[in-house]
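Notes follow the structure.
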Amino acid sequence: MPGQLVLVAGPGGAGSSTTAAALATVAVARGRTVGLLDLAPSYGARDHLAPGQPAPALVEARPTTDGPSARTLRDLLDGVGLDPRLVDEVASLPGADLVGALVAAAHHAERADLVVVDAGARTLDLCVMADRLPWLTGRVLPAHRGWLASARPLVATALGRWWPGEALSTQLHAAHETAALVQQSVARSVAVLVRPQHGRERARSFEVGLALHGVEVRAVLDPQAPTGDERAIPVSPDEPLPTERLIERIERGPGRGRECLAADGEDWLWRIPLPHLRSRDVTVRRTGDDLVIEAVGVRRVAVLPTALRRCRARAAVVRDQTLEVRFVPDQQETP
């Protein structure tokens with residue numbers, strides 16, 4: 001079974017890099033095989049590793065423009081008369097590095113016990129990217145010669161011998177498989193949320209976003225740990241981080257986002273954990289086979305399970321920190 005992915009999340013300045021470095025170091029000292037992926041723009045987790053202490057393997061994740069996929073895409077762009085340098089420009093766009101980070105983390109998890117990701121303020125962007133990659137690669141899978149000849153015959157004729165054909169098809173399928181691996185890795189991941197001393201409202205969007213994307217928050221490091229939250233671990237700038245307690249929480253097994261689909265008579269109920277919100281804070285709408293959920297500035301586009309594609313969303317309500325979306329059979333869609 002692949003190793004555990006741990007996302008260390010929190011607003012900038014909350015201490016996610018310090019926490020990620022300490023967590024990875026303690027895991028190595030306990031005999032675990034550990035990778036550390038640093039997404040901080042500067043002075044991240046790798047800069048907090050103590051000299052002379054057991055060190056995790058540093059996972060590198062930079063977008064590449066010289067791999068086989070990039071070369072195939074350049075051939076395709078050149079064949080249709082577009083500038084192949086577009087590949088390099090796309091790779092340099094803000095956020096493109098998240099794709100490389102996700103792929104590197106998922107692959108490293110196949111040979112490690114633990115991969116600690118210093119995601120910090122980029123946590124939600126990382127979750128969104130992981131969720132949408134299979135959707136995006138799935139939409140370009142039909143781009144092979146047979147589909148092009150039947151659906152776009154003029155384009156197929158214009159391409160002629162320049163069409164990469166099997167080479168492109170193989171690369172697209174490989175990309176889709178990798179995207180699925182990334183999505184599964186993040187779905188099984190757990191999170192450690194670092195709340196700041198001040199500006200605690202900023203941390204709420206992280207909890208909502210992680211819950212929306214099915215990532216279980218195992219521990220919340222909080223200088224003002226509220227009573228009644230079993231995930232909360234009190235921390236103080238004058239005391240060492242409680243890394244042993246963190247390791248114990250993380251090693252309880254793969255994450256379970258507790259998202260579920262259940263029949264309710266002829267209807268279906270889709271339940272998604274959603275803490276700290278009321279029904280009026282959430283908007284839900286269906287777009288084709290996707291359900292778009294928005295709350296406190298966080299957005300998720302969820303692909304509907306097959307059972308719901310012949311239904312319509314009738315109502316959405318937040319009850320007991322869980323979003324319930326009711327789907328009823330669409331009589332016009334039923335044979």
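The values are calculated or read from the model by the stated rules, or taken from the named source; none is laboratory data. Quick caveat, the model's predicted, so the values are computed rather than measured. Glycine also receives a Cβ, built like all others from the backbone with ideal geometry; neighbour counts cover every protein chain displayed.
Numerical summary
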| read-out | value |
| --- | --- |
| Pairs, first in the same structural domain as residue 108 (by TED's automatic domain parsing) and farther than 12 Å from residue 116 by Cβ in the stretch 36-47, second part of a strand (DSSP E or B) and small (Gly, Ala, Ser), C-beta under 6 Å, six or more apart | 40/120 |
| Positions within the stretch 4-23 being surrounded by fewer than 22 Cβ atoms within 10 Å (Cβ to Cβ) and on the phi < 0 side of the Ramachandran plot, in sequence order | 11, 12, 18 |
| Residue that is assigned to a strand (DSSP E or B), crowded, with 16+ Cβ neighbours inside 10 Å and under 21 Å from the mean Cα position of the chain (by Cα), where the choices are 292, 284, 318 | 284 |
| Of all residues in the stretch 149-206 being at pLDDT below 90 and aromatic (Phe, Trp, Tyr), the one that is farthest from residue 294 (Cα to Cα) | 162 |
| Residue in the stretch 75-95 that is surrounded by 12 or more Cβ atoms within 10 Å (Cβ to Cβ), at pLDDT 90 or above and in contact with a Leu (Cβ under 8 Å, 6 or more places away or on another chain) present | no |
| Pairs with Cβ under 6 Å, 6+ apart, first in the stretch 180-195 and in the same structural domain as residue 128 (by TED's automatic domain parsing) and over 16 Å from residue 212 (Cα atoms), second of a type in the set (D, E, K, R) and in a strand (DSSP E or B) | 195/222 |
| Index of the failed condition, residue 297 passing every other in (1) at pLDDT 90 or above; (2) surrounded by fewer than 16 Cβ atoms within 10 Å (Cβ to Cβ); (3) within 21 Å of the chain's Cα centre (by Cα) | (1) |
| Subset of the stretch 11-65 that is in a loop (DSSP other than H, G, I, E, B) and of a type in the set (Lys, Arg) - its residue that is nearest to residue 100 (Cα to Cα) | 62 |
